[in-house]
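Okay, structure first, notes after.
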There are 2 protein chains.
Amino acid sequence: MVRESEIRAGEVAIDAPPPSDAGLVFIGRIHTPWTSRLMTPRQGRLDGPVCRIEIFEPWAPALRGIERYQRVEVLYWLHLSRRDLILQSPRNDGAVRGTFSLRTPVRPNPVGTSLVKLVGVEGANVMVQGLDCLDGTPLIDLKPDRCEFTPLAPPQPGDFEVKD
Amino acid sequence: MVRESEIRAGEVAIDAPPPSDAGLVFIGRIHTPWTSRLMTPRQGRLDGPVCRIEIFEPWAPALRGIERYQRVEVLYWLHLSRRDLILQSPRNDGAVRGTFSLRTPVRPNPVGTSLVKLVGVEGANVMVQGLDCLDGTPLIDLKPDRCEFTPLAPPQPGDFEVKD
């Protein structure tokens, strides 16, 4: 699926339990050049258009310190995606793959993740390159790229555990 | 905070709107060696203990094809975390940073992400190394690492757009 939410040959939908195990709050909105699912990139690129991540109140003060990082992980809610497909046919050719072996927006919990380049912070707005989502996509989270981030808190025993 | 959900000197909590903008369904459970927040690693390591990601029905068939990848992105729900801190003091020394400049589990939407090494798939269980979460953590999503994944679907115009 993906284009207009149709089911393609070979794809399998399930009757899933209601998504009521935990609740999300939209903490911002992402502004991109793409207003149609048929134009949006399959994958973001770090030399792509500059996009604006707007943080809503009361969360804007939580940006303090983000300018220390060059790469930021962005989590967003793929609000137009159906959630019930377990096998999907990305090429619409009858060949199917499991949802967890794809990065399609159609997932039981449609959370997108991107690793973006931080261009700048302007008040409650974070300018970035590397996104691949529709204009108006709800924001769920922002955090430093794991490769750049060193925990400030003291280590814990698990940090030193390796496979037996 | 993090240890036992206390608020530390300098930390700031907000009165946030209810988290009812979107709902999650727990699609599995993560089994790790760590049963206390005081033991759990701050960050996972790819040579760490093998952990088991159990997929619930009806989603197990969505694993088909995941064995093609060596690295998998795991999204999970940090179910014990408070969600109302915007400034946090990781060292408990009065110095604070914004939540979005930290990878702490305490976030408005406590979604953890890890990039793990795929060890094997056994029925509805995925064995991995590199996790850093508590035993019993609810699973939200699994997808191939973006670096290893090439979209199967045809490219879209946005894939070719670069900054002006």
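Results, tabulated for the structure shown:
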item: Residue list for region B:47-71, restricted to those being within 7 Å of chain A (Cβ to nearest Cβ) and over 25 Å from B:Val25 (Cβ atoms); result: B:Asp47, B:Gly48, B:Pro49, B:Val50, B:Arg68
item: Pairs, first within 30 Å of B:Val50 (Cβ to Cβ) in region B:71-91, second open to solvent by 60 Å² or more (accessible area, probe 1.4 Å), C-beta under 6 Å, six or more apart; result: B:Arg71/B:Glu148
item: From the options B:Arg82, B:Arg107, residue that is open to solvent by 10 Å² or more (accessible area, probe 1.4 Å) and basic (Lys, Arg); result: B:Arg82
item: Qualifying residue in region A:33-45 (condition: at pLDDT 95 or above and in contact with a strand residue (DSSP E or B) (Cβ under 7 Å, 6 or more places away or on another chain)); result: no
item: B:Leu134 being open to solvent by 10 Å² or more (accessible area, probe 1.4 Å), under 30 Å from B:Ser89 (Cα atoms) and in contact with a strand residue (DSSP E or B) (Cβ under 9 Å, 6 or more places away or on another chain); result: yes
item: Those residues of region B:33-59 which are hydroxyl-bearing (Ser, Thr, Tyr) and open to solvent by 20 Å² or more (accessible area, probe 1.4 Å), in sequence order; result: B:Thr35, B:Ser36
item: Residues that are of a type in the set (D, E, K, R), under 11 Å from the mean Cα position of the chain (by Cα) and part of a loop (DSSP other than H, G, I, E, B), drawn from region B:100-151; result: B:Arg103, B:Asp132
item: Any hit, region A:75-91, residues being within 15 Å of the chain's Cα centre (by Cα) and facing another protein chain (nearest Cβ under 7 Å); result: yes
item: Residue pairs meeting the criteria (Cβ under 9 Å; at least 6 apart or on separate chains; first more than 21 Å from B:Pro61 (Cα to Cα) and at pLDDT below 95, in region B:135-149; second buried (at least 22 other Cβ atoms within 10 Å of the Cβ) and of a type in the set (Ser, Thr, Tyr)); result: none
item: Residue in region A:23-32 that is touching a strand residue (DSSP E or B) at 6+ places or on another chain (Cβ under 7 Å) and free of Cβ contacts under 8 Å to residues at least 40 places away in the same chain present; result: yes
item: Of the criteria (1) more than 7 Å from every other protein chain (Cβ to nearest Cβ); (2) open to solvent by 10 Å² or more (accessible area, probe 1.4 Å); (3) at pLDDT 95 or above, which one B:Gly94 fails; result: (3)
item: Restricting region A:13-32 to residues that are touching a helix residue (DSSP H, G or I) at 6+ places or on another chain (Cβ under 9 Å) and at the interface with another protein chain (Cβ under 7 Å from one of its Cβ atoms), the residue that is most open to solvent (accessible area, probe 1.4 Å); result: A:Ile14
item: Options B:Phe100, B:Phe160, B:Phe149; residue that is open to solvent by 60 Å² or more (accessible area, probe 1.4 Å) and not polar (S, T, N, Q); result: B:Phe160
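The values are calculated or read from the model by the stated rules, or taken from the named source; none is laboratory data. Predicted model only: the values in this text are computed from it and were never measured. Counting neighbours? That spans all protein chains shown, and the Cβs are built from the backbone with ideal geometry, glycine included. In case anyone asks, the SASA skips ligands and DNA or RNA and just uses the protein heavy atoms, side chains included. Shrake-Rupley method; radii C 1.70, N 1.55, O 1.52, S 1.80 Å.
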